[in-house]
Structure formats: C-alpha cells, structure tokens
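Shown next, in structure tokens, is the structure this report addresses.
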Amino acid sequence: MLRDTAGSVVADCAWPQASSHDAAVVVHRRRDSTRPEGASLASIILLLLLAIPGLWRLGLDQVAWLIIGPAVGVYALRAQPSRRLVASIAAFAVVMIVSGVLGATGERWLTLAREMAIVAVFFAVVLGTSALRPSGDHLKILLIGIAFVMTVSSAASLFAFATQSIFPFKTPIEGLVPDVISSTRLGELTFTDRSLGTPSYFLGAIFVRAQGIFLFSTSQAVAQAAAVPLFMAATWWYPSVRWGFIVASSLSALSLLATTTRVPIAALVIVLSAVFVLRSLRVANLNAATLMNKRILGAIGLVFVALIGVALVTGVAEAAARLATTRSLGPRAELYGETLRRWSERPILGWGTEIDWLRDVPESGAEVEISVDTREAAADSPPLGSHSQYLGILFKQGALGFVAFAAILVLLLAAARAVLSSRQFAIWLAVAAMITTLISGVTESLWLDPAAAIIVAITWGIVLSLARSATTEQVP
C-alpha cells in the first residue's frame, strides 16, 4: 500500500511492496470486484466502447453513450457514496426539473429532456466510477475502452486536419429520425450529419478544426484535455498495457492542438506544468527559495511561456483584429454579456433551458429596443446559456441551481485535496485531469456531448475513488 510522508495510507492503487496483511486486503477486495455479474457488466461496457466508431458511422453512437452511462452507474448501488454528495446531486436535480418545467416551451422541451438524460447519466457515471478501485480490473477495462475511442477519434481528426477536409456524410438512419428532431441543428449533428472536422475562421481565413467522432470540436477538446493526464496516470497503474495508453495520450494531445480550442489547451498546459513543478519541489525536498537559485527554474519558465503562447497568442491576435475592424471582442463576449443580462430577469430558478437571443421580446417596439449589432450577433450565435458550464447553469437553473452545483464542486475539490498528500505521481495526474475539466468549463459545456460528458464524469469519479481509498483503507 502506498503511504504518504505522514505514514497514513493514501490509496491501494500503488505498486510498492506490500505487507502480507496488505496483500490479504487487496486479494479480498479484488475477488469481490470481479464477481461474475460485475465481470459481465464490465465486458458489456467494453464491447459498447469498442463498437462506438462503427455506431458513429450508423448514427447510433449517442444512444450507445447513454447506455454506457447507466451501466457504469450500476456500480453506485454498492458504492455507498458520501451523503453530502448525493444530497447535492439530488438538490441540483430537483432545481433542474422545477426550472425546466416552469421555463421550457415549444421545441425546448426536447432540449430539456435531452439535457436531463445526459445529466442523469453524468452523475450516474460519477457515482459508479467512485465505487471502483483505482487498481481494479473494472476500471482498467473502462479506461482501455475509453483509450480506444480516443485513439480512433484523435487519429481521424488529425487526418482531417492534415488534409483540410471535413469528410461529411449522412448516416443510414437519416430517414428514420422524426422531423421534430432532424429539423434542429443539434438533432442533425446527433443522428444524421457526420464529419471528421468542422470549418472555422481565423483572421478571415478558413481552416478545418479537428472534431473526430464527437458532436463538436470543442467537445472533443474538453474530453482530450481530461484524457491526456488520465492516460498518463494509467501508464503507472497498468504497466502491462502502458504503451497503449502512451499512444492514446500522444494522439489525444496532438489532436487537442488541432481543435484550436484555447481554454482546454491552456488549462492542460497550466495544470500539467504546475504538477511537474510542484512534484519536482516535493521529490527533491527543495523549497521555493532554493529552487530560485537554480537555472532549471529559468528553463521551466521559458518552456511554460512558450507552451502558453501557442494557446493564447492566436486568441490575442484575433481579438485585436476584431477590435480594429468591428470594435467588439467577438460573438463569444456578446453571448456572455447577453446571457448575464437575461439571467437577471429570472435570477432564482433561471430559464430552464437555453433560449434564442430574441425569444420573449415583444414584437411592438422591438426594433427600437434591440440594436443592429445585437441582431447580427443573434443571427449566427449559439443560444443563450451555452458555451460555458457555469454561466449555463446560472442561466438555466438560476442561483439555486448554481449553488447546488457549486456544492458538488466543493466536495470534488475536497476529495482532490485529500489525495494530494500522496507521493504517487499518478494520483497527481488524476487530480490534474479533474482540475483541467473544471477550467475548461469556463468557456465550454461539460455535458453538451454525451461522449465528452462520460469521460469528464469518469475523471471526477476516479478522484472520488482515490479519496475513498484514502479515508477507508486503514491498513497498518
């Protein structure tokens, strides 16, 4: 068992030499974690993950992801999760239902139903993964399946980026999708429209962003930013399949750059840089003053600045170009500003779902109340409440939902803090993956795409699992 500097047991996912009593505990738990029904469930999940690329071609991958989530969530039945965590999730679910019922109208009922299903799957995966031992076979199988999906998606998206072609096509189930779903852009992307990349613009030039087998390039970026450190941790936990995780991590990192999604890229660089620096300080038993006298600090700083520059310089250049030509910071800034303005109209329970910019504006007098700039931004912009996990929750579920979700994050961060006393680098990487998802949520939704949502939820669940091991494994 792994012990931190204080001598307390941190997690049973380490490999150092264990005592006979340690071995007995591990063997007992391993036997329990490989019961026939558990092994069968793990095999079903793995088969579904391996089938994802083929199901994506058919237009059925989104359904498969929504099946995988509850299957992982079955583990929650024996997880005995924290009561505070369950209470916070339940409070958020209640607010989501109430605000949705009060606010959803017309086609937005479909949006609400879709989001509620994904959120239910998301938290089922969080609770289910938290029940798995970090070194157990079930988590290993789950991560191998995720690595396979990410490898295929990353390789495909890199090919699209290299050839600058999106390779679009229609799925065979196009004619079977109801018109009420296929008539919306999200419905098309979910079931009928497929491509390996998406067109984008930078300073007037058109290029293809990597997208792979995700709904959006931004969704793939969120998943890859979490997957890179998670796969790096898996190379320590599962050395027998280390090279598979190394390949998956490398392709995911390259494809992440090809998505050009700045915040997940910057989050990954910043968090991994912090982990490596703090890890070096701890292992070398050096304090900050001592390290200041070392040339290595300058080298680390230069590398850090260079990597951050890759993610941010293009953004600054693009913002400067927009200011020079349109005197605006761009559609994303307009979107966030309008989201906050409209949230102030329903601050307690929010609007229930995302809404169009000009919804609920009275026809009489609308022309004088809405500027031309606002109308132009609304025409091409995503709906209000999108492109930010936190602003989205504030807008859709109001202050009550935001507080409930914040309580979940506080418990998650507390779990991360509990395991950071470990000296095992893999644990630090798992926490880094979780922190990266939280930073990515500033400008991206974490559960817009079921595929990205499940990968993020697995990341959160692993941190909770590590914390459970730290507090329950009282082995002398």
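What to note about this one:
Yes/no matrix, rows are residues, columns are (1) within 21 Å of Thr129 (Cα to Cα); (2) surrounded by 24 or more Cβ atoms within 10 Å (Cβ to Cβ); (3) over 22 Å from the mean Cα position of the chain (by Cα); (4) at pLDDT 90 or above:
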{"position": "Ala221", "(1), (2), (3), (4)": "no, yes, no, yes"}
{"position": "Arg282", "(1), (2), (3), (4)": "no, no, yes, no"}
{"position": "Lys294", "(1), (2), (3), (4)": "no, no, yes, no"}
{"position": "Ala306", "(1), (2), (3), (4)": "no, no, yes, no"}
{"position": "Val310", "(1), (2), (3), (4)": "no, no, no, no"}
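- Filtered residues of the range 412-425 (kept if of a type outside the set (A, V, I, L, M, F, W, C) and open to solvent by less than 10 Å² (accessible area, probe 1.4 Å)): Ser422
- Number of the exception - Glu363 against (1) outside any helix (DSSP H, G or I); (2) at pLDDT 80 or above: (2)
- Pairs are defined by a Cβ separation below 6 Å, a sequence spacing of at least 6 or placement on different chains, a first member in the range 131-160 that is hydroxyl-bearing (Ser, Thr, Tyr), and a second member that is open to solvent by 20 Å² or more (accessible area, probe 1.4 Å); the pairs so defined are Thr151/Leu251; Ser154/Leu251; Ser157/Leu196.
- From the options Val431, Val442, Val463, Val456, residue that is of a type in the set (A, V, I, L, M), farther than 23 Å from Val98 by Cβ and part of a loop (DSSP other than H, G, I, E, B): Val442
To keep it simple, each residue is scored yes or no on (1) aliphatic (A, V, I, L, M); (2) closer than 22 Å to Gly54 by Cα.
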position	(1), (2)
Ile206	yes, no
Phe214	no, yes
Gln224	no, yes
Leu230	yes, no
Thr261	no, no
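- Only listed residue being open to solvent by less than 50 Å² (accessible area, probe 1.4 Å), closer than 19 Å to Ile118 by Cβ and in contact with a Lys or Arg (Cβ under 9 Å, 6 or more places away or on another chain), chosen from Thr190, Thr184, Thr171: Thr190
- Residue in the range 399-411 that is open to solvent by less than 50 Å² (accessible area, probe 1.4 Å), under 19 Å from Thr105 (Cβ atoms), modelled with pLDDT of 85 or more and under 20 Å from the mean Cα position of the chain (by Cα) present: yes
- In the range 427-453, residue nearest to Val149 (Cα to Cα) [restricted to those that are touching a His at 6+ places or on another chain (Cβ under 9 Å) and among the hydroxyl-bearing types (Ser, Thr, Tyr)]: Ser445
- Failed item in (1) in contact with a strand residue (DSSP E or B) (Cβ under 8 Å, 6 or more places away or on another chain); (2) closer than 20 Å to Leu55 by Cα; (3) crowded, with 20+ Cβ neighbours inside 10 Å, with Phe161 passing the rest: (2)
- Taken together, Pro81, Pro36, Pro70, Pro53 contain a single residue that is open to solvent by 20 Å² or more (accessible area, probe 1.4 Å), closer than 30 Å to Tyr238 by Cβ and modelled with pLDDT of 90 or more, which is Pro53.
- Of all residues in the range 155-175, those being of a type in the set (D, E, K, R) and at pLDDT below 90 number 1.
Each row is one residue, and each column tells you yes or no for (1) under 18 Å from the mean Cα position of the chain (by Cα); (2) open to solvent by less than 30 Å² (accessible area, probe 1.4 Å); (3) modelled with pLDDT of 85 or more; (4) within 18 Å of Ile68 (Cβ to Cβ).
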{"position": "Thr111", "(1), (2), (3), (4)": "no, no, no, no"}
{"position": "Val119", "(1), (2), (3), (4)": "yes, yes, yes, yes"}
{"position": "Leu132", "(1), (2), (3), (4)": "no, yes, no, yes"}
{"position": "Val149", "(1), (2), (3), (4)": "yes, yes, yes, yes"}
{"position": "Ser153", "(1), (2), (3), (4)": "yes, yes, yes, yes"}
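- Of the residues examined, Ser422 is one that is hydroxyl-bearing (Ser, Thr, Tyr), at pLDDT 55 or above and closer than 21 Å to Leu278 by Cβ.
- Annotation: of all residues in the range 197-217 being modelled with pLDDT of 85 or more and among the aliphatic types (A, V, I, L, M), the one that is surrounded by the most Cβ atoms within 10 Å (Cβ to Cβ) is Ala210.
- The range 85-201 holds helices (runs of 4 or more DSSP H) entirely within its bounds, and those carrying 1 or more residues that are within 24 Å of Leu41 (Cβ to Cβ) map to 108-130, 137-163.
- Hey, Ser250 farther than 19 Å from Thr459 by Cβ and of a type in the set (Ser, Thr, Tyr) or not: no
The values are calculated or read from the model by the stated rules, or taken from the named source; none is laboratory data. This one's a predicted model, so the numbers in the text were calculated from it and none came from an experiment. Backbone-built Cβ (ideal geometry, glycine too); neighbour counts: all protein chains shown. Areas reflect the complete protein model, heavy atoms only, side chains present, ligands, DNA and RNA absent. Shrake-Rupley method; radii C 1.70, N 1.55, O 1.52, S 1.80 Å.
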